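K.L.:
After the structure tokens below, expect a handful of questions from me.
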Amino acid sequence: MMWMLVTRIAGSLAAASNRTRNVCITTQISLQIYRSIQQKSPTLFSDMSADVTSGLDATQVNLLAEQCILIDEDDKVTGFETKKNCHLNENIKKGLLHRAFSVFLFNNKGELLLQQRSDAKITFPGHFTNTCCSHPLNSPDELDEVQAMGVLRAAQRKLGHELGIPPQQVPLEDFHYLTRIHYRALSDGRWGEHEIDYILFIQKEVDVCPNPNEVKSYQYINKEQLQHFLHTAKKDGTPITPWFQLIVDKFLYSWWDKLHDVDSLKDHDTIHRIL
């Protein structure tokens, strides 16, 4: 397709310069343009001929331009990259790693707010997961590492974006940053996740008004109900996000038991590797 496009461009140039020349001039110009572009950008043609976002939800595709924070395995910032490139399996296989967070929001009865991701989502559409999962972005406010304030600001922002929760109902000082988890998971043959995930707890009464492009459904659930739900999900094939399942299997129930003393759970020195 790209070759045909270059040929048409070259044909127009040849015609404009001298309409009486032999058609071979068109081929020669085509080759010159093609070789020149290929030398300067060898991946351009392959990128343009294989649009990985074709057929995906337009709103979600626009979000792929957001700049995620690249990190090394010690969670040190190494640069920035688009959300799109961070979530392509071909880059994940090369080791591309970015910063993320997972919010667990509980009401005053100690029930967890569970969400089902929208079918429009590019990674793990329709999967059930914890309250909110996303990324801090390349901005001064969300790069702030003092007491993980950048991550907390991103969490507050995304709770508003995904679930319509007003920021004043989830003030930054009420979040509890517990620990970090390093995991990797494939969504399908093209998209996946490779993150160091900040685990955030918050217990508040909030108003929920979900964004249908982000959230398909939501519900509050107690610990026993969650255990039953996940047990049933394994039998009937109900999809669960891999990071949520990992957190449940390794940590969540014991953390839940200490919801009244959540600060005792904090471990900011450890990055748990679950790969």
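K.L.:
If the viscosity is 0.692 mPa s and the temperature 37 °C, what Stokes-Einstein diffusion coefficient in µm²/s follows for the range 85-183 when Rh is the Kirkwood radius over Cα pairs?
P.N.:
222 µm²/s
K.L.:
Write down, largest first, the equivalent ellipsoid semi-axes of the range 134-214 in whole Å, where each equals the square root of 5 times an eigenvalue of the alpha-carbon gyration tensor.
P.N.:
So the equivalent ellipsoid measures 22, 18, 12 Å along its semi-axes.
K.L.:
A 22 angstrom limit on the alpha carbon distance is what I want to check against. Which of K83/K250; K76/K250; K204/K235; K84/K266; K121/K266; K204/K258 exceed it?
P.N.:
K83/K250; K76/K250; K204/K235; K84/K266; K121/K266
K.L.:
While we're here: Can you give the percent of C-alpha pairs in the range 179-234 whose distance is more than 19 Å?
P.N.:
63 percent
K.L.:
Order these peptides, 56-62, 134-140, 149-155, 92-98, by their mean beta-carbon neighbour count within 10 angstrom, highest first.
P.N.:
Final packing ranking: 149-155, 134-140, 92-98, 56-62.
Every number in this text was worked out from the coordinates using simple rules, so none of it is lab data. These numbers were taken from a predicted model, which means no experiment stands behind them. Neighbour counts run over all protein chains shown; Cβ positions are idealised from the backbone, glycine included.
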